[in-house]
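The values are calculated or read from the model by the stated rules, or taken from the named source; none is laboratory data. Small disclaimer: the values here were computed from a predicted structure and weren't measured. All Cβ positions, glycine included, derive from the backbone under ideal geometry; neighbour counts span all protein chains shown. Heavy atoms of the whole protein, side chains included, go into the accessibility calculation; ligands, DNA and RNA do not. Shrake-Rupley method; radii C 1.70, N 1.55, O 1.52, S 1.80 Å.
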Amino acid sequence: MSRKLFGTDGVRGQANSWPMTADMALRLGAAAGRYFRRDSGNGHRVVIGKDTRLSGYMLENALTAGLTSTGMNVLLLGPVPTPAVGFLTRSMRADLGIMISASHNPAKDNGIKFFGPDGFKLSDEAEAEIEAIVAGEIAPAQPQNIGRAKRIEDGRGRYVEYAKTTFPGRGRLSGLKVVVDCANGAAYKAAPEVLWELGCEVIPVGVSPNGLNINENCGSTYTRTAAEAVVAHGADLGISLDGDADRVMILDETGRVADGDQIMALFARRWAEAGRLRGGALVATVMSNLGLERFLQGHGLRLERTNVGDRYVVERMRAGGFNLGGEQSGHIVMTDYATTGDGLMAGLQFLLAMAETGLRASDLVRQFETVPQMLKNVRYQAGQEPLNAENVRKVIAAAEADLAGQGRLLIRKSGTEPLIRVMAECEDETILQAAVDSIVAAVEAETA
């Protein structure tokens, strides 16, 4: 079944433009409600969370209308992290969870992510079936079976209390000064609360959302703000989240950044040493650095690679019985604790490593030397297929030949934006630069 609405992480686009319109959100809500209703009773429920984007109000109301029209009872959580929706969907015995967020994207964008009753993101097959329902006639509920909607005031509190249980021993963080950058997003209340209640002295950054400033010069895709705060306040650690708090970058006391690969390397090594890394492997995507793979091999561990997208990481983890995975971009998935990436819980695990080893963050953020990697994006217009052009294919083949035996090349369409992503790795940076630039130039010529 083909999919046009759903990308690698739900449905996403610019607010008030297709598919992020109130009309489409209403139809998506109705279609999801119809898909998840198992019978004609009134016991069906769905939890809806959102980040702090202005368009979240519009989409929340439209989804609610669609869901209640097919008999679903809607529980509105307000601004909460994406992993909180996964947790609360299962905890509150909901049939469905929905997060309204475009993650690390700017405020003008938004998205809709779906979680099944087990708290995990939906499979490609389930999304395709919902999309098929959207395209057809959606049968409404009988008048007496229309659903209800109400706001849940303790959703964030439930998540805060659960997040604290993933860190053993309250008070062990006493005396640590931590900067937490919440990207003016979904975790702007939850993350500082958890860290403070666990004993940290907290320096909050990016905690003044106004609907338009999410991810703006802050958060995991702009770590300069957190780095400056770490240095200015003499903090021991910086935790930089994205807009929906499912990804994280860690900063040491000098402001140096550890990306998802370095964080996963630390956790994999520690968990393996403690005998708790299931399957002797870490699951990561094709984007993770070759240096991570070599690091794991040096510790007798494997790297299982997947397509880009944290839900593909999770699917492989579940299929293989693994409990640690993630992405270079900062999604850290620990299925012992959460059903999706959780930036805050990953930050707590890093703090646990500091507490147990007595080492500074700067001693932990660099687990391996990265192989030189280059990533460039080329934007294209709707209807264009530059990767199918004969000249582009020839240039790609030539670059692959140049990199053979020395590195690797990955070219793909973004699942969330109209971008061609060109990534290569090679020990020889001259060959690396030439390979990427030649492909980018060829793609740009086709999109001009």
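If you check 315, 253, 293, 304, which single one turns out to be over 18 Å from the mean Cα position of the chain (by Cα) and in a helix (DSSP H, G or I)? Spell out the reasoning first.
Working: 315 fails: over 18 Å from the mean Cα position of the chain (by Cα); 253 fails: in a helix (DSSP H, G or I); 304 fails: in a helix (DSSP H, G or I).
Step by step, each of 315, 253, 293, 304 is checked, and only 293 is over 18 Å from the mean Cα position of the chain (by Cα) and in a helix (DSSP H, G or I).
When you go through 59, 67 one by one, which is the residue that is under 23 Å from residue 189 (Cα atoms) and open to solvent by less than 30 Å² (accessible area, probe 1.4 Å)? It would help to see each step written out before you state the result.
On the way: 67 fails: under 23 Å from residue 189 (Cα atoms).
After applying the criteria, what remains is 59.
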Tally of residues being under 20 Å from the mean Cα position of the chain (by Cα), of a type in the set (D, E, K, R) and within 18 Å of residue 127 (Cα to Cα) across the stretch 59-113 = 1
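In the set 309, 321, which member is modelled with pLDDT under 95 and either at positive phi or surrounded by fewer than 22 Cβ atoms within 10 Å (Cβ to Cβ) (or both)? Steps first, answer last, please.
Working: 321 fails: modelled with pLDDT under 95.
After applying the criteria, what remains is 309.
Please enumerate the residues belonging to the stretch 256-273 that are open to solvent by 20 Å² or more (accessible area, probe 1.4 Å) and either part of a loop (DSSP other than H, G, I, E, B) or free of Cβ contacts under 8 Å to residues at least 60 places away in the same chain (or both).
Keep residues of the stretch 256-273 that are open to solvent by 20 Å² or more (accessible area, probe 1.4 Å), which gives 256-257, 259, 269-270, 272-273.
Selection gives 256, 259, 272, 273.
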Taking the stated definitions as given, is residue 276 open to solvent by 10 Å² or more (accessible area, probe 1.4 Å), in a helix (DSSP H, G or I) and of a type outside the set (Ser, Thr, Tyr)?
-> no
Given the conditions (1) among the aliphatic types (A, V, I, L, M); (2) more than 27 Å from residue 237 (Cα to Cα); (3) out of contact with any Lys or Arg (no Cβ under 7 Å at 6 or more places or on another chain); (4) surrounded by fewer than 24 Cβ atoms within 10 Å (Cβ to Cβ), which single one is not true for residue 281?
-> (3)
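Within the stretch 321-425, which strands (runs of 3 or more DSSP E) (wholly inside it) include 1 or more residues that are among the charged types (D, E, K, R)? Before you say what the answer is, go through the steps one by one.
Values: elements: 324-326, 332-334, 373-379, 407-413.
Answer list for the stretch 321-425: 373-379, 407-413.
Take the residues of the stretch 70-94 that are in contact with a Pro (Cβ under 8 Å, 6 or more places away or on another chain) and either over 17 Å from residue 33 (Cβ atoms) or without any contact (Cβ under 8 Å) to a residue 24 or more places away in the chain (or both): which is least open to solvent (accessible area, probe 1.4 Å)? Even if it seems obvious, please write down each step before you answer.
Within the stretch 70-94, the first condition is being in contact with a Pro (Cβ under 8 Å, 6 or more places away or on another chain), and the residues that meet it are 70, 79, 89-90, 93-94.
Those still in the list that are either over 17 Å from residue 33 (Cβ atoms) or without any contact (Cβ under 8 Å) to a residue 24 or more places away in the chain (or both) too: 79, 90.
Numbers: 79: 52, 90: 121 Å².
By that ranking, first place goes to 79.
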Tell me which residues, restricted to the stretch 432-448, are under 15 Å from residue 385 (Cβ atoms) and not hydrophobic (A, V, I, L, M, F, W, C).
-> 444, 446, 447
Please work out which residue is least open to solvent (accessible area, probe 1.4 Å), limiting yourself to the stretch 170-194 and to residues that are of a type outside the set (D, E, K, R) and free of Cβ contacts under 8 Å to residues at least 40 places away in the same chain.
-> 192
